[in-house]
Amino acid sequence: MSAIERITKAAHLIDMNDIIREGNPTLRAVAEEVTFPLSDQEIILGEKMMQFLKHSQDPVMAEKIGATWWCWTCRTPAGYLKTRYCCLGPKYCGRR
């Protein structure tokens with residue numbers, strides 16, 4: 001099973017074990033362009049990445065998934081090298 005297949009399983013919660021860390025050569029690779037319409041797997045991955053971003057801002061969930069304060073930046077799940085964006089507005093950051 002590939003990393004993306006494992007990450008996009010319904011029961012899987014993305015945590016820091018799924019994220020490529022600084023210094024990994026994969027971070028220097030040129031990402032592929034995303035084609036539209038998105039595949040079901042790409043849609044699920046996007047939703048899970050947004051969930052990870054929200055969890056990284058909640059102190060209780062951040063501890064559970066091993067996230068630290070810098071996780072609000074764009075992180076790359078292992079095995080996924082396509083251009084994508086994830087944005088989280090102030091509503092989820094506890095600000096008004």
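The values are calculated or read from the model by the stated rules, or taken from the named source; none is laboratory data. Note that the coordinates shown come from a computational prediction; the quantities given were computed from them, not determined experimentally. Neighbour counts are summed over all protein chains in view; Cβ atoms, including those assigned to glycine, are modelled from backbone coordinates with ideal geometry.
Kindly list the number of the only condition in (1) at pLDDT 85 or above; (2) closer than 20 Å to S2 by Cβ that fails for T83.
T83 satisfies every listed condition except (1).
Given I20, I65, I4, I43, which one is in contact with a helix residue (DSSP H, G or I) (Cβ under 7 Å, 6 or more places away or on another chain), at pLDDT 85 or above and not charged (D, E, K, R)?
On inspection, the qualifying residue turns out to be I65.
Would you check which residues across the range 32-54 are touching a residue at least 40 places away in the same chain (Cβ under 8 Å) and under 15 Å from the mean Cα position of the chain (by Cα) and list them?
Hits for the range 32-54 are E42, L45, G46, K48.
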